[in-house]
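This report concerns only the one structure given below.
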Amino acid sequence: MVVIKHKIADGISLNIIETDKFKTNYIAVNLLTALDKKTAAYKALLPAVLKRGTVNYPDMAALNRRYDMLYSTHINTRCFKRGETHIFGFSAHMLDNRFVLDGTDIVSETLSLIAEIMFSPALSDGCFSSVYVESEKKNLIDLIKSKINNKNSYAVLRCQEEMCRGEVFAVSEDGTVEDVEAITPQSLFDFYKEIINRAQIEIYFVGKYDNNLLVEKVRNAFSPIRHVSGFVPYTEVIRNADTVREVSEEQPVTQGKLSLGFRSGAVLSDGDYEKFIMFSEIFGGSPSSKLFMNVREKLSLCYYCHAIPDAHKGIMIVASGIEVDKKEIAQDEILLQLENIRRGDFTEDEYEAAKKSIINGYRSITDSASGLVSWFLGRKLADIEISPEKAINLIEKVTKNDIVEAAKKVTLDTVYFMRGTLKESGENKNDD
Amino acid sequence: MMTEKIIVKENDFLGEKYYYTKHSSGLDIYVFPKALTTSYALFGTRYGSIDNKFKLAGDDEYTVVPDGIAHFLEHKMFENENGEDTFLRYAKTGASANAYTSFNMTAYLFSCTERFYESLEILLDFVSNPYFTPETVKKEQGIIAQEIRMGEDNPGRCIIFDLLKAMYENHTIRIEIAGTVNSISKITSDILYKCYNAFYNLHNMALCVCGDVSVDKTLETADRILKAQPDFDVQSIYEPEKREVVKPYVTRKMQVAKPLFNIGIKDTDISPDPRERMKKNAVISILDDMLFGRAGEFYNELYSDGLISESFGYWSEHNKSFSFVSVSGESDNPSEVYTRFKKYIASCLEKGLSAEDFERCKRVSYAAFIKGFDSTDTIANSFLNFIFDDGDMLDFADIISAVTYNDVNETLHGMYREECFSLATIFPLD
């Protein structure tokens, strides 16, 4: 898999990943900016407001009917962070033209529609409609508040927030309730006019289309904007934790959620990140990893216990759901398994298994259009150009000693525990 | 190699085909070649959480087993008599393995990018060789108890089972798939063996492999591992279920940011003819998009009025043992959503549906179906679902295109009756 890069204009690139193995094509338009507390809520809100209506499709019903007529090509908003880069924009997954029954050129029509959403929004009195802005503010606030509904992801998020408090990384890609509330239609519109010309725009296309024609169509689609400056991604990396901080919160749930936050001492841009990846795989990357085999299978303490590495920020969260009174046992066992790897206490089988598992994962990425975009966009942010296939060669070369050294760089920073206060399930059940 | 008749089924328009054979062991084997990097295998049995009461050949009495046993069995299959964990066996080939239990099936799977037949051998071998002891059962009770707790703290999951319990009186779909901490404490190795021997008969199972795979090598592997089995003769007992819901409304409080609602439309009109069921599946999917799709009146009016948000969604199930539609989301005012839902349905019933909407939504169903052919994982899982309902995935595009406006109208009038609606809500704690 290779990426063919075309410069569309200053600050705007089209990256084509050509393949004919799918029945679909995929387009993602990514606006890259520095993560920042003042503007995070704006970046989360903007795509949602733009998606409410355009000049030609003035409301959501009209736009959604258009998506349906384009064989259910929904233009989806995206908003996430990679390290301390805030990425937002749109994506669409569409049928390839050969399955279209009425002769429509779906790629071309989808590009036009994305451009219309981005550059020709429905306006009232020269500004975003206050009805749309207020409605999407409420939805965004609800989304922020609803994060607590999913306890698994919430406990990981809270650990990251506590661990990185005071660092830019602690800023949520969705902003805070207060920041969203403060946005007005005018302030959002001013922000829009500025960011659309200032963010670096990375467009990805995965699929099969006439490349020259695609470049031309993208150039036309993005002609309304004039770029002013380049963006250079930067993420603050703290390589060591000095002391361990304990944070405990009570929640009215039955289970306890334990999240151990580590500084991994390694990031993708280091150039030898595969050493850390091999370590985290052996530690807690699969059902044959040390965490799964010991914390779950041997001690029967949990249903899930795994390591979630962040390649850009250089942190790793070990996440688990346990009985509330088993917190100490689980934590001790997780740390013991880390210590074992540091001492080189892992077998040839574990080493080979980790290698195979990562290689299998890397190869599988080439079967997923969105997976490919995520891979290449992530590498671009780290300023390295490498395909999943090439990265496999690097994994092959990692030695056992490299893994021990990678493990020694990992330090525990924050222990987050969500203490469930409900004794027995069923106490708030209405039936049976 | 043992000779078996191999049937090829091809769909030229889709550019897809599969091979089928009834293996001498009794197993139905489907090979779906696909030029992708990842190959996928799915080995499933027609046995899920709804099968809690059954009768073996020659038995006078029914056997009733604890809730959650199909799921428990799925977990326990990963342990082997020689003490080796199945995940560690797969670790040697690099395959990524998993399993799941649903209402009506248990399936074991792996995906890989090399050494496919070695992994296939592991899959066929461990699922054919049960090994349970009181000690390993006890160990699993701890793990599954945590899985159950996780589900009990998950409002999205809770509301689905609240809804199913409100809709169904007798049907075992109302049982939680993983059971409860209490019900699984009653599971013993003897009961596990009994269920295994009853339902893990190769005649009751199917294997679907998809990817860069060959029929010959797949059959060679099956020849090596699988032994001929006697005919399947187990009778699952499902109680009759009346058409109306048991309770029109259920609610509870949990830690959520905002109230959740889930509206259920119960349907007992299920044809014994598999082709009719495939057709009704297509009809329901088109009808759902017409009624609740993002281009439609209901979604847009409620969204504009701030009653629903992006979290709004709907899905349906229609197979030989159950059929329902679920319409769910978050709202500050679930009872207003429900009132508007009933009003909207009443007006659709009275005024009829738009023919233009029908054509548009038919196109949506067609596109969604085609998009499913880009991953070996999606193909294999979807394929087995069709097979277990005696259908055929490669016929589905034609079935969608044959659906008429009248079909959709008829289903609307047949299904959408107020006595078949339930509303489940979850409100935040005080």
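Give the residues of segment A:68-99 that are within 23 Å of A:E202 (Cα to Cα) and either free of Cβ contacts under 8 Å to residues at least 24 places away in the same chain or outside the structural domain of A:V29 (by TED's automatic domain parsing) (or both), sorted by residue number.
A:H74, A:N76, listed by residue number.
Restricting attention to segment B:159-186, the residues that are away from every other protein chain (no Cβ under 11 Å), open to solvent by 10 Å² or more (accessible area, probe 1.4 Å) and not in a loop (DSSP other than H, G, I, E, B) total 2. Scan segment A:266-283 and give yes if some residue there is of a type in the set (F, W, Y), within 19 Å of the chain's Cα centre (by Cα) and assigned by TED's automatic domain parsing to the domain that holds A:K380, otherwise no. Yes, there is a match, as at least one residue in segment A:266-283 is of a type in the set (F, W, Y), within 19 Å of the chain's Cα centre (by Cα) and assigned by TED's automatic domain parsing to the domain that holds A:K380. Can you spot a residue in segment B:210-218 that is in contact with a helix residue (DSSP H, G or I) (Cβ under 9 Å, 6 or more places away or on another chain) and under 27 Å from B:I284 (Cβ atoms)? Scanning segment B:210-218 turns up at least one residue that is in contact with a helix residue (DSSP H, G or I) (Cβ under 9 Å, 6 or more places away or on another chain) and under 27 Å from B:I284 (Cβ atoms). Only one entry in A:D325, A:D345, A:D332, A:D349 is touching a helix residue (DSSP H, G or I) at 6+ places or on another chain (Cβ under 9 Å) and more than 9 Å from chain B (Cβ to nearest Cβ), namely A:D345.
Conditions (1) under 26 Å from B:F103 (Cα atoms); (2) within 14 Å of chain A (Cβ to nearest Cβ); (3) small (G, A, S), marked per residue:
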| site | (1), (2), (3) |
| --- | --- |
| B:A222 | no, no, yes |
| B:L226 | no, no, no |
| B:Q255 | no, yes, no |
| B:T268 | yes, no, no |
| B:I286 | yes, yes, no |
| B:D289 | yes, yes, no |
| B:F298 | no, yes, no |
| B:L307 | no, yes, no |
| B:S321 | yes, no, yes |
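All of B:F369, B:F312 fail the test of being among the aromatic types (F, W, Y) and either in contact with a His (Cβ under 9 Å, 6 or more places away or on another chain) or in contact (Cβ under 8 Å) with a residue 24 or more places away in the chain (or both), apart from B:F369. Filter segment B:375-394 for residues that are open to solvent by less than 30 Å² (accessible area, probe 1.4 Å) and either of a type in the set (K, R) or in contact with a Lys or Arg (Cβ under 8 Å, 6 or more places away or on another chain) (or both) and give the result. Correct list: B:T376, B:I379, B:F388, B:D389, B:G391, B:D392, B:L394.
Flag: A:A369 does not match the condition of being touching a Ser or Thr at 6+ places or on another chain (Cβ under 9 Å), over 24 Å from A:C305 (Cα atoms), at pLDDT 95 or above and more than 10 Å from chain B (Cβ to nearest Cβ).
Would it be correct to say that A:I203 is surrounded by fewer than 18 Cβ atoms within 10 Å (Cβ to Cβ), away from every other protein chain (no Cβ under 14 Å) and within 25 Å of the chain's Cα centre (by Cα)? Judged against the criteria, A:I203 is not a match.
Scanning segment B:191-244 for residues that are in contact with a strand residue (DSSP E or B) (Cβ under 8 Å, 6 or more places away or on another chain), closer than 30 Å to B:C420 by Cβ and of a type in the set (K, R) returns a single hit, B:R243.
Looking only at residues in segment A:206-240 that are surrounded by 17 or more Cβ atoms within 10 Å (Cβ to Cβ) and of a type in the set (G, A, S), the one that is nearest to A:T33 (Cα to Cα) is A:A221. Sub-8 Å Cβ pairs linking a first residue in segment B:156-170 that is without any contact (Cβ under 8 Å) to a residue 12 or more places away in the chain to a second residue that is surrounded by fewer than 23 Cβ atoms within 10 Å (Cβ to Cβ), at least 6 apart or interchain, are B:R157/B:G151, ordered by first then second residue. Here A:E134 passes the criteria (1) of a type in the set (D, E); (2) open to solvent by 40 Å² or more (accessible area, probe 1.4 Å); (3) in contact with a Phe, Trp or Tyr (Cβ under 6 Å, 6 or more places away or on another chain) except the one numbered (3).
In segment B:218-232, the residues that are among the polar types (S, T, N, Q) form Cβ pairs under 6 Å with partners that are assigned to a helix (DSSP H, G or I), at six or more places apart or across chains, as follows: B:T221/B:Y117; B:T221/B:L120; B:T221/B:E121; B:Q229/B:L202.
The criterion of at least 3 residues that are without any contact (Cβ under 8 Å) to a residue 40 or more places away in the chain and outside the structural domain of A:R82 (by TED's automatic domain parsing) is met, among helices (runs of 4 or more DSSP H) falling completely within segment A:341-432, by A:348-365, A:369-381, A:388-397.
Quick check on my filter: what residues within segment A:253-308 are at the interface with another protein chain (Cβ under 9 Å from one of its Cβ atoms), farther than 23 Å from B:E152 by Cα, outside any loop (DSSP other than H, G, I, E, B) and touching a residue at least 12 places away in the same chain (Cβ under 8 Å)? Listed by number, the list is empty, since nothing qualifies. Inspect segment B:285-294 for any residue being free of Cβ contacts under 8 Å to residues at least 60 places away in the same chain, of a type in the set (F, W, Y) and either open to solvent by 40 Å² or more (accessible area, probe 1.4 Å) or in contact with a strand residue (DSSP E or B) (Cβ under 8 Å, 6 or more places away or on another chain) (or both) and give the result as yes or no. Scanning segment B:285-294, I find at least one residue that is free of Cβ contacts under 8 Å to residues at least 60 places away in the same chain, of a type in the set (F, W, Y) and either open to solvent by 40 Å² or more (accessible area, probe 1.4 Å) or in contact with a strand residue (DSSP E or B) (Cβ under 8 Å, 6 or more places away or on another chain) (or both), so the answer is yes.
Go through segment B:21-43 and give me each residue that's part of a strand (DSSP E or B) and open to solvent by 50 Å² or more (accessible area, probe 1.4 Å).
Answer for segment B:21-43, where residues must be part of a strand (DSSP E or B) and open to solvent by 50 Å² or more (accessible area, probe 1.4 Å): just B:K22.
Within segment A:145-186, if we keep just the residues that are open to solvent by 30 Å² or more (accessible area, probe 1.4 Å), closer than 17 Å to A:P47 by Cα and among the β-branched types (V, I, T), the residue that is farthest from the other protein chains (Cβ to nearest Cβ) turns out to be A:T184. Evaluation of B:E297 against the conditions (1) open to solvent by 30 Å² or more (accessible area, probe 1.4 Å); (2) under 21 Å from the mean Cα position of the chain (by Cα) shows that the sole unmet condition is (2). Residue check: is B:R360 farther than 30 Å from B:L207 by Cβ and either open to solvent by 60 Å² or more (accessible area, probe 1.4 Å) or within 14 Å of another protein chain (Cβ to nearest Cβ) (or both)? For B:R360, the condition - farther than 30 Å from B:L207 by Cβ and either open to solvent by 60 Å² or more (accessible area, probe 1.4 Å) or within 14 Å of another protein chain (Cβ to nearest Cβ) (or both) - is met.
Checking the stated criteria, A:Y57 turns out to be under 30 Å from A:E134 (Cβ atoms), over 24 Å from the mean Cα position of the chain (by Cα) and not basic (K, R). Taking the criterion of being modelled with pLDDT under 95 and under 20 Å from A:Y57 (Cα atoms), would at least one residue in segment A:115-125 satisfy it? Yes, segment A:115-125 has at least one match. Of the residues making up segment A:23-51, those that are touching a Lys or Arg at 6+ places or on another chain (Cβ under 8 Å) and either closer than 21 Å to A:I106 by Cα or open to solvent by 20 Å² or more (accessible area, probe 1.4 Å) (or both) are A:K23, A:T24, A:N25, A:A28, A:N30. Take A:E323 and tell me if it is open to solvent by 50 Å² or more (accessible area, probe 1.4 Å), at pLDDT below 95 and over 30 Å from A:K23 (Cα atoms). Here the answer is yes, as A:E323 does meet what is asked.
The values are calculated or read from the model by the stated rules, or taken from the named source; none is laboratory data. Keep in mind that what you see is a predicted model, and the values were worked out from it rather than measured. Counting neighbours? That spans all protein chains shown, and the Cβs are built from the backbone with ideal geometry, glycine included. These accessible areas exclude ligands, DNA and RNA; they are computed on the full protein's heavy atoms, side chains included. Shrake-Rupley method; radii C 1.70, N 1.55, O 1.52, S 1.80 Å.
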